[in-house]
Amino acid sequence: METWWKESVIYQIYPRSFNDSNDDGIGDLNGIRERLDYLADLGVDVLWLSPVYQSPNADNGYDISDYQAIMDEFGTMEDFDLLLKEAHEKGLKIVMDLVVNHTSDEHEWFVESRKSKDNPYRDYYIWKDGKADQAPNNWGSAFSGPAWKYDEQTGQWYLHIFAEKQPDLNWENERVRQSVYKMMTWWLDKGIDGFRMDVINLISKDQAFPDGETHGGAYGNSMEFCCNGPRVHAYLKEMNKEVLSKYDIVTVGEAPGATIEEAQRYAGSEENELNMVFQFEMMDIDHGKYGKWSPMPFDLKKMKANFKKWQEGLDGRGWNSLYWDNHDQPRIVSRWGSDKKAWRKKSAKMLALCLHMHQGTPYIYQGEELGMTNVRFPSIDAYHDIEILNAYRELVKETGAMREEEFMEGVYKLSRDNARTPMQWSDEAYAGFSSVEPWIGVNPNYTEINAKQEIADPDSVFHFYQRLIALRHTNKVVPYGTYRQYMEEDDNVYVFTREYEGQKLLVACNFSEQPQTVEWPDALLEEGYTPWIGNDSLKPFEKAVTLTPYEGIVWIKEE
Ligand code: TEU
Ligand code: CA
């Protein structure tokens, strides 16, 4: 079924690093408002704001202490209302981040909950007795260390899959669910256009809380018992019925550990749960022994196999989200393209073309449209992300499992702070993000890579994104076309077609730094293809085509 959110392009804003309007070095809501024209000009349809709620910022806003108040550093509720109003006036929708697997330990519910075992809020969280002096089970936290924290006051332990300051809510408790639905309704009644739901597939835990596999490490893996847990679909169906179904909105669930079978349920068109999910299988293809801290070389065949599985698996029965970058991932041009001077622009465009030519709703993360790159801060002291700092303490300092230099290579390649450096607006001081030193360092390449320069250059990465977005809006084959992959065994080139109502696209992307000559399989040797969009001089479709390094091209054929 055709619908607006399938034809949309969603732009993610990480407010802390987007634009600072009042010169305190921290991005804010008025800063976003100042840049609405830029976003409208890019042509995106929806803005997703990473959390802007009140938070002590143990995890940059993913630890919420009040769901119905704005973080002081970001502004006020009046600022929010004005942002929503002006965005709507410019035809931009706003999607909010919904973080309800956990709250901050400073949330009033948790402050009450920890007071006593018979507090009315006790069961809002997951409290357990320890085993002798040990935690209730062996689970480790996603941010290193144990997933349980002992609380002196009542002599019990609470569960935190993420940081200690992010206690997990107890979704088994109907009052928790109703409180969440009420809060969601409050925001939707304000007129927001949807939710991106943080780790929403972790909300239902196996109530036996069994020990997890340790794989030789100090802690057990909780994911087997938390990801896609026993009642998660029941909860989402309830949420859909009580809240989501009453509004014309878009929903996307972040779902680490979701398989295609699970995604067919979360995002199935007949399931009445969510519109789409963010899958992580593709994000893990270059993780090694210590996960993101030991990056593996890029393997195009793994990526192609993943696209095939997800494009075919959801065609006609669900809907894909298309993303490579977000605030938790490194910059895609540095990861799977090349940020060398000679190739940065070209490979950034090829990657954009590749992702945006798939079936699904594409997400652009702030700065991706400029080809912003990873950063290499000289020492660990310049980093802010709790995930990096905790892993450094555990892997380098406490256990010595990794040497410092080795760990830093992982940080440079795959860590989250790569995405969190300030948005590069211009070549002025602090990249035009602020007039004072920002909360996190600016990538020194801002003098070359910045919005001002790219807007002035018709051949820039920015203008290429603008064209891709426009093509999606004017040609239904882009959002809806059926996908088919060819030349699956090729290590360097990715070839696929898309077909919809008499239009056919043939997409070819060279992921290597060398020219690649492609001899098309017989099935692709059809007449009538003309070049449509590409990042090099547009070449005709011939029996054999030599793609230049990092070239991406689309040919179109219309009946
Ligand atoms: O991320 C959850 C998640 O699964 C990971 O990508 C996470 O960032 C980390 O890499 C785990 O190793 C979401 C948010 O997007 C992230 O920013 C938050 O830190 C996290 O949930 C907790 O709210
Ligand atoms: Ca500010």
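Across segment 353-383, the number of residues qualifying as in contact (Cβ under 8 Å) with a residue 60 or more places away in the chain and among the aliphatic types (A, V, I, L, M) comes to 6. Within segment 316-335, residues that are small (Gly, Ala, Ser) sit with their Cβ atoms under 6 Å from residues that are within 16 Å of ligand 1 (Cβ to nearest atom), at 6+ positions apart or across chains, in these pairs: 321/252; 321/276; 321/278; 334/374.
Only residues that are more than 15 Å from ligand 2 (Cβ to nearest atom) and within 20 Å of residue 439 (Cα to Cα) were counted across segment 56-81, and they come to 6. In the set (1) in a helix (DSSP H, G or I); (2) under 15 Å from residue 113 (Cβ atoms), residue 171 fails one condition alone, (1). If you check 49, 36, 98, 42 for being within 14 Å of ligand 1 (Cβ to nearest atom) and within 22 Å of residue 465 (Cα to Cα), only one passes: 49. When 266, 219, 247 are checked against the criterion of being within 16 Å of ligand 1 (Cβ to nearest atom) and either in contact with a Leu (Cβ under 9 Å, 6 or more places away or on another chain) or under 19 Å from residue 5 (Cβ atoms) (or both), 266 stands alone in meeting it. How about segment 470-498: which of its residues are buried (at least 16 other Cβ atoms within 10 Å of the Cβ) and touching a Leu at 6+ places or on another chain (Cβ under 7 Å)? If the condition is that a residue be buried (at least 16 other Cβ atoms within 10 Å of the Cβ) and touching a Leu at 6+ places or on another chain (Cβ under 7 Å), then 477, 478, 481, 486, 492, 493, 494, 497, 498 are the ones that fit. List the residue pairs whose Cβ atoms are under 6 Å apart, where the first residue sits in segment 454-478 and is farther than 20 Å from residue 496 by Cα, the second is outside any helix (DSSP H, G or I), and the two are 6 or more positions apart or on different chains. Note: pairs meeting the criteria are 454/460; 461/371; 466/43; 470/43. Checking the stated criteria, residue 506 turns out not to satisfy the condition of being under 26 Å from the mean Cα position of the chain (by Cα) and closer than 25 Å to residue 316 by Cβ. Among the residues of segment 527-550, those that are β-branched (Val, Ile, Thr) and surrounded by fewer than 13 Cβ atoms within 10 Å (Cβ to Cβ) comprise 530, 546. Determine which single condition residue 440 fails, assuming it passes every other condition in (1) of a type outside the set (Asp, Glu); (2) free of Cβ contacts under 8 Å to residues at least 40 places away in the same chain; (3) part of a loop (DSSP other than H, G, I, E, B); (4) assigned by TED's automatic domain parsing to the domain that holds residue 38. Residue 440 satisfies all of (1) of a type outside the set (Asp, Glu); (2) free of Cβ contacts under 8 Å to residues at least 40 places away in the same chain; (3) part of a loop (DSSP other than H, G, I, E, B); (4) assigned by TED's automatic domain parsing to the domain that holds residue 38 except (2). Looking across segment 1-50, the residues that are within 17 Å of the chain's Cα centre (by Cα), within 16 Å of ligand 2 (Cβ to nearest atom) and touching a residue at least 60 places away in the same chain (Cβ under 8 Å) come down to 13, 14, 16, 17, 18, 50. Filtering segment 513-542 to residues that are among the polar types (S, T, N, Q) and either at positive phi or touching a residue at least 40 places away in the same chain (Cβ under 8 Å) (or both) leaves only 535.
The values are calculated or read from the model by the stated rules, or taken from the named source; none is laboratory data. What you are looking at is a predicted structure, and each value in this text was computed from that prediction instead of being measured. Virtual Cβ from ideal backbone geometry, glycine too; neighbours counted across all protein chains shown.
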